[in-house]
2 protein chains.
Amino acid sequence: MESQDLKKLGLKATLPRLRILQLLENSLQRHKSAEDVYKELLECGEDVGLATVYRVLTQFEAAGLVIRHHFENGLSVFELNEGYHHDHLLCIRCGKIIEFIDEKIEQQQRDIVQQHGFEITDHCLYIYGICPKCQKS
Amino acid sequence: MESQDLKKLGLKATLPRLRILQLLENSLQRHKSAEDVYKELLECGEDVGLATVYRVLTQFEAAGLVIRHHFENGLSVFELNEGYHHDHLLCIRCGKIIEFIDEKIEQQQRDIVQQHGFEITDHCLYIYGICPKCQKS
DNA sequence: ATGTATGCAAAACATTTGCACCTGG
DNA sequence: CCAGGTGCAAATGTTTTGCATACAT
């Protein structure tokens with residue numbers, strides 16, 4: 001029962017919020033733009049406004065439920081926050097996204113931040129390239 | 001004589017292009033949005049259009065003269081491409097940007113890309129935090 | 001001279017906001 | 001019932017485009 005999860009965050013369990021959460025949880029494509037979410041909801045016959053999608057995703061982000069990324073094309077995408085940090089490897093041809101985590105890189109980052117006396121709040125590493133499939137075609 | 005540099009790239013050495021290039025080369029603040037560039041040119045008494053700034057920066061990017069970044073606020077900033085790759089450490093309070101390069105991180109990235117069979121085209125690492133000065137105030 | 005680049009205004013996008021209506025607890 | 005949430009349309013901020021004019025070669 002996801003209604004409970006939302007209420008814990010101080011958010012009413014409304015239909016749009018539940019639908020958006022379900023969509024993010026059950027979709028194969030983990031990374032979606034607001035527009036993607038909106039279109040998919042319409043396709044499912046849900047009557048929702050694009051503004052609401054933005055509002056809900058922003059609230060979810062504030063609540064730590066989702067993470068927002070700005071990939072290099074300038075578009076924002078959202079993904080469910082499953083609690084473990086990870087970085088991204090993206091294919092610029094087909095859009096495939098691979099998530100990875102590398103402890104050595106994480107450690108080096110902590111060292112660098114410390115050398116400069118910063119308090120780290122967030123970090124993101126995007127690697128862009130061409131995946132094996134797209135290299136062949 | 002920078003006109004030559006532009007001509008080599010197949011770009012006519014026009015006034016707006018020269019001015020924008022100079023601005024990027026001579027400014028202390030290496031990272032600027034299109035709007036920043038536009039305003040600074042106007043302040044210098046240059047009569048230039050914002051559209052031209054965007055066009056020129058985009059051409060410069062295509063020519064490899066500048067690099068475009070999309071920081072997490074969603075704004076694009078441009079910096080002169082001085083030929084050496086580097087990553088960025090940013091203060092979310094005061095906007096300070098520190099450039100760094102860490103060979104271990106670079107090596108780990110190459111390993112990861114290779115493990116997944118990708119051909120790397122680009123990569124960027126942004127670390128966000130609070131700088132020493134802003135921690136005190 | 002002539003093809004390219006520019007400035008301006010309008011268009012195109014992505015995202016946010018105001019407001020009257022609706023809904024969950 | 002009523003605070004908070006929603007849909008719609010309008011506003012915003014950024015970036016792009018169309019077009020007549022101006023400029024570099």
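Bear in mind these aren't lab numbers, they're just calculated from the coordinates by the rules spelled out. Bear in mind the structure is a predicted one, so any value in this text is a computation, not a measurement. Here the Cβ is made from the backbone with ideal geometry for all residues, glycine too, and neighbour counts use every protein chain on show.
Odds and ends about this structure:
- Cα gyration tensor category, rounded, prolate or oblate, for segment A:1-134 with a/c compared to 1.5: oblate
- If you take all other residues with their beta carbon under 14 Å from the beta carbon of A:Thr14, and give Lys and Arg +1 and Asp and Glu -1, the sum is +1.
- Chain A - Cys residues lacking any other Cys C-beta under 4.7 Å: A:Cys44, A:Cys94, A:Cys124, A:Cys134
- When chain A is treated as a Gaussian network with alpha carbon springs shorter than 10 Å, the biggest mean-square fluctuation among A:His88, A:His70, A:His123 belongs to A:His123.
- Here is how far apart the A:Gln107 label points are across copies: 1.2 nm, shortest first, using a point 7 Å from Cα toward Cβ.
- A viscosity of 1.306 mPa s and a temperature of 10 °C, combined with the Kirkwood radius over C-alpha pairs in the Stokes-Einstein formula, give segment B:62-135 a diffusion coefficient of 113 µm²/s.
- Restricting the chymotrypsin sites (Phe, Trp or Tyr not before Pro) of segment A:75-109 to loop positions (DSSP other than H, G, I, E, B) with no more than 12 neighbouring Cβ atoms within 10 Å leaves A:Tyr84.
- Formal net charge of residues neighbouring A:Ile97 (Cβ-Cβ distance under 10 Å; K, R +1; D, E -1): 0
- Mean partner shielding of peptide A:127-133, defined as the number of other chain Cβ atoms within 10 Å of each residue Cβ, is 6.
- Options B:Leu65, B:Leu75, B:Thr121, ranked by Cα towards positive dipole end of chain B, top entry (Cβ charges): B:Leu75
- Approximate spin-label separation B:Ser137-B:Asn26, in nm, with each point projected 7 Å along Cα-to-Cβ: 2.9 nm
- Position B:Arg55: other-copy label points at 4.1 nm, ordered by increasing distance, label point 7 Å along Cα→C-beta.
- GNM top mover of B:Leu21, B:Leu65, B:Leu42 - chain B, alpha-carbon springs below 10 Å: B:Leu42
- Label-point spacing at B:Ser137 relative to the other copies reads 5.3 nm, in ascending order, each point sitting 7 Å out from Cα along Cα→Cβ.
- 15 Å beta-carbon shell around A:Leu65, net charge (K/R +1, D/E -1): +3
- Adding -39500 (n - 2.57) for every DSSP H run of four residues or longer, then dividing by how many residues chain A holds, sets the calculated 222 nm ellipticity at -13000 deg cm²/dmol.
- Space enclosed by the convex hull of the alpha-carbon atoms of the protein assembly as shown, per residue, Å³: 187 Å³
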